[in-house]
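Here is the structure we will look at, set down as structure tokens.
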Amino acid sequence: MVDPFAGLGKRVELVSTDKYFRDISIGLYAREDAGGWIFRVRSFARYDGLDDRIGFIVGAMQTLGGMQQAATDTLRFPCGSEHLVAVRRLFLQACKEKPETTVGAPALSLWDKKSELTVKALGLGQGVYALSADGVAESDQIKRRLNALRNALVKLADAEADEMHGERFCFSCGQAHDPLVGLLLQAAPNVRAIMREHEMNAARGVLAAPGNQN
């Protein structure tokens with residue numbers, strides 16, 4: 001009997017119930033090859049239309065996170081790095097996008113309700129980003145809020161904080177990830193809830209193999 005999990009790699013994220021396609025389970029798998037890390041979107045359901053659903057998610061991950069399609073259901077980051085925490089968030093968000101809408105690239109700016117500031121992320125080259133803010137607030141308040149959002153982005157992107165500059169962070173791959181940073185910036189104010197979501201998904205078990213889904 002052929003092992004349905006052969007060659008998939010490790011499962012890094014799971015949507016146990018896809019509300020946009022017959023409540024199926026969809027997993028994101030990762031493995032490393034000669035070109036770096038590749039990620040596969042996979043479901044073991046057998047419904048007509050599944051290929052289109054997987055295709056939509058793959059396309060959304062390209063738009064939202066700047067990934068490149070390596071095969072029909074497989075993607076990678078241009079840098080070849082794993083960026084594991086970030087790709088998990090990206091996959092979950094892609095699955096939440098409504099199929100009837102056109103997915104757009106995230107903006108590198110955010111209206112932050114807590115501080116009432118417009119926060120922007122600017123790429124400085126070699127994978128380094130700096131946050132800035134526009135609005136009416138004390139300079140110390142702005143500094144504290146930017147530091148908090150920077151720390152949230154460090155968690156969500158599995159990036160590195162610049163301890164000399166409280167508003168800066170960088171990707172260890174040394175390459176730009178503008179769409180991904182834009183996506184994660186929108187999530188940064190809710191970082192605790194997002195990390196809990198990741199933990200809950202990790203505790204839900206494995207993706208069912210053929211025979212366990214209709």
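The values are calculated or read from the model by the stated rules, or taken from the named source; none is laboratory data. Bear in mind the structure is a predicted one, so any value in this text is a computation, not a measurement. Every residue, glycine among them, receives a Cβ derived from its backbone with ideal geometry; neighbour counts consider all protein chains shown.
Tabulated values for the structure
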read-out: Given (1) assigned to a helix (DSSP H, G or I); (2) among the basic types (Lys, Arg); (3) closer than 27 Å to residue 127 by Cα, number of the condition residue 53 does not satisfy; value: (3)
read-out: Residues within the stretch 133-165 that are touching a strand residue (DSSP E or B) at 6+ places or on another chain (Cβ under 9 Å), part of a loop (DSSP other than H, G, I, E, B) and not acidic (Asp, Glu), tallied; value: 5
read-out: Output for the stretch 1-30, where each listed residue is over 20 Å from residue 90 (Cα atoms) and either modelled with pLDDT under 95 or not assigned by TED's automatic domain parsing to the domain that holds residue 97 (or both); value: 1, 2, 3, 4, 5, 6, 7
read-out: Residue that is nearest to residue 15 (Cα to Cα) [pool: residues in the stretch 103-132 that are assigned to a loop (DSSP other than H, G, I, E, B) and within 18 Å of the chain's Cα centre (by Cα)]; value: 103
read-out: Matching residues in the stretch 61-79 - criterion: being polar (S, T, N, Q), touching a residue at least 12 places away in the same chain (Cβ under 8 Å) and outside any loop (DSSP other than H, G, I, E, B); value: 62, 63, 74
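Residues are listed down the side, and each one gets a yes or a no for (1) closer than 19 Å to residue 187 by Cβ; (2) surrounded by fewer than 18 Cβ atoms within 10 Å (Cβ to Cβ); (3) touching a helix residue (DSSP H, G or I) at 6+ places or on another chain (Cβ under 8 Å):
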{"site": "66", "(1), (2), (3)": "yes, no, yes"}
{"site": "70", "(1), (2), (3)": "no, yes, no"}
{"site": "83", "(1), (2), (3)": "yes, no, yes"}
{"site": "89", "(1), (2), (3)": "yes, no, yes"}
{"site": "96", "(1), (2), (3)": "yes, yes, no"}
{"site": "102", "(1), (2), (3)": "no, yes, no"}
{"site": "109", "(1), (2), (3)": "yes, yes, yes"}
{"site": "128", "(1), (2), (3)": "no, no, no"}
{"site": "136", "(1), (2), (3)": "no, yes, no"}
